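Following: one structure in structure tokens, then a few remarks.
The values are calculated or read from the model by the stated rules, or taken from the named source; none is laboratory data. Source: prediction; values computed, not measured. Cβ placement follows ideal geometry from the backbone for every residue including glycine, while neighbour counts extend to all protein chains displayed. Note: areas computed on protein heavy atoms with side chains; ligands, DNA, RNA excluded. Shrake-Rupley method; radii C 1.70, N 1.55, O 1.52, S 1.80 Å.
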Amino acid sequence: MKLPVLYKLFKQDIQLIEKELKSSIQARSKLLQDASVHTLKAGGKRIRPIFVLLTAKFGDYDIERIKYPAVALELIHSASLVHDDVIDQAELRRGSPTVSHKWDNKIATYTGDYIFARAQELMTRIEEPLAHKVLAKTILEVSIGEIEQIKDKYNYDQNLRDYLTRIKRKTALLIAASCQLGAISAGVNETIHKKLFLYGYYVGMSFQIIDDVLDFTATEKVLGKPAGSDLWQGNITLPVLYALREPELGQEIRTIHENMSHDELKPILEKIKGSGAIEKSIEVSNRYLDKAFAILKELPDTKNTRYLYDIAEFIGKRNY
């Protein structure tokens, strides 16, 4: 099943979430509201809200309750992207100017803080203490992941474990939390919501690895930013780690620095694409997907479980 088909099945609930997203960022300050609206207008796949909806189906599904974690998790993700763009000095996000580029870093920083605070406020509607413990731990790990990424910029001596730990914190745990919080908010028992967390973690790892692959293989039009932007900004991803193992190519990669032009970078990007690093990275992604599929076999065989299988399969094969 393609992702648009899944969206169509949940069309009414997704439309409600979109409405709640817009409502949640209303602000007395016109500048703050304009910057927040600009962030949400950049769009995205809304993967995290979809996972909240799907996993809530394992329990007492009430969209008027489930919408709160669904919106909150998407806001947290959006806030982290605003802050990411400040750190990376990025000019484009999904083809549109970043908040930091359209306004400035100060406005972007406080916009991210505001969106994050609104997410926390929305989550207070869920009175289950465990939900707040899961979310607090996730935010803590995301923050550590962001710091680790800053620390490791242009660090060509990091290893595979460093990379996997970083993407676990930056990406996978928020997707895992989306799966677990959807279930917890719907009153799902501990055995099931812990399995859903693991499923989300494995899918989240695959999601980020494919993102890192697409940074090399997709077009600027698809990415909404120049191809190779991650490496250009000093973020060492899985394809780069594999390419570094090639002695001559590794030496070229180590010459990349923050003042290098994108035109100077292009020949190195092409060599990385031809080194086998992309294929090796996809193999790692597929191993995580296999673990996610194994978890699904431990869950009740329902239509909703099959939807989770479909969305995981889409993530592993996506080209955008």
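Counting only Cα atoms, the size of the range 98-150 along its three principal axes is 39, 26, 13 Å, in decreasing order.
Expressed as a whole percent, the proportion of Cα-Cα pairs in the range 1-69 lying more than 18 Å apart is 44%. Restriction of the chymotrypsin sites (Phe, Trp or Tyr not before Pro) in the range 124-209 to DSSP coil positions whose beta-carbon has at most 13 other beta-carbons within 10 angstrom yields 154.
Could you give log10 I(q)/I(0) at q = 0.22 Å⁻¹ for the range 82-199, computed by the Debye formula over C-alpha point scatterers of equal weight, without solvent? With one equal scatterer per Cα and no solvent, log10 I(q)/I(0) is -1.21. For the pair the range 59-102 and the range 275-311, the centres of their Cα atoms are 25 angstrom apart. P(r) for the range 242-315, from all Cα pairs and a bin width of 5 Å, is 3, 13, 18, 13, 10, 9, 9, 9, 8, 5, 2 %, short bins first. Taking trypsin sites (Lys or Arg not before Pro) across the range 164-273, the ones in a DSSP loop with at most 12 further Cβ atoms lying within 10 angstrom of their Cβ are 245, 254. Comparing 135, 160, 198 in a Gaussian network model of the chain (Cα springs below 10 Å), the most mobile by mean-square fluctuation is 160. For the chain, modelled as a GNM whose springs connect Cα atoms under 10 angstrom apart, the maximal fluctuation among 70, 294, 243 occurs at 294.
Share of carbon and sulfur in the accessible area of the chain stands at 51%, probe radius 1.4 Å. Residue order by solvent-accessible surface for 111, 217 is 217, 111, largest first, with ligands and nucleic acids left out and a 1.4 Å probe.
Note on residue 251 and residue 189: their simple-model spin labels are 6.2 nm apart, each label 7 Å out from Cα toward Cβ.
Relative to the present Cα-Cα distance, how much length would full extension add between residue 121 and residue 294 at 0.36 nm per residue of separation?
Numbers: separation 173, 0.36 × 173 = 62.28 nm, distance 3.56 nm.
Full-extension gain reported as 58.7 nm.
For the range 278-320, the mean projected area of the C-alpha convex hull, equal to one quarter of the hull surface, is 3.1 nm². Placing R0 at 35 angstrom, the Cβ-Cβ distance between residue 104 and residue 136 gives a FRET efficiency of 0.70 after rounding to 0.05.
Using the Cβ atoms and a cut-off under 10 Å, what net charge is assigned to the surroundings of residue 230, where Lys and Arg are +1 and Asp and Glu are -1? Provide the component values of the computation, followed by the final result.
Numbers: positive: 225; negative: 88, 211, 212, 215.
Around residue 230, the charge tally is -3.
Looking at the range 229-288, which GluC sites (Glu not before Pro) are DSSP coil and have at most 14 other C-beta atoms within 10 Å of their C-beta? List each step's numbers first, then the result.
Values: sites: 248, 252, 258, 264, 270, 279, 283; in loops: 258.
Those satisfying the criteria are 258.
Translational diffusion coefficient of the range 1-153 at 37 °C, 0.692 mPa s, Stokes-Einstein with Kirkwood Rh over Cα pairs, in µm²/s as a whole number.
Details: Rh = 16.3 Å.
After rounding, the answer is 201 µm²/s.
Solvent-accessible surface of the chain, averaged per residue with a 1.4 angstrom probe and all protein chains in place: 47 square angstrom. Secondary-structure-derived ellipticity at 222 nm for the chain, considering helices only, amounts to -23000 deg cm²/dmol, per-run term -39500 (n - 2.57) for DSSP H runs with n ≥ 4.
Please report Rg over Rh for the range 38-102, where both radii come from the alpha carbon positions and Rh follows the Kirkwood definition. Please report the intermediate quantities before stating the final value.
Details: Rg = 14.3 Å, Rh = 13.0 Å.
Taking Rg over the Kirkwood Rh, I get 1.10.
Calculate how large, on average over all directions, the projected area of the Cα convex hull of the range 168-230 is; give the answer in nm² to one decimal. Each step should come with its number before you reach the end.
Values: hull surface 19.1 nm².
Approximately 4.8 nm², given one-decimal rounding.
Note on surface exposure: 38, 257 rank 257, 38 by accessible area, highest first, 1.4 Å probe. Using the Cβ-Cβ distance between residue 157 and residue 318 with R0 set to 51 Å, the FRET efficiency from 1/(1 + (r/R0)^6) comes to roughly 0.95.
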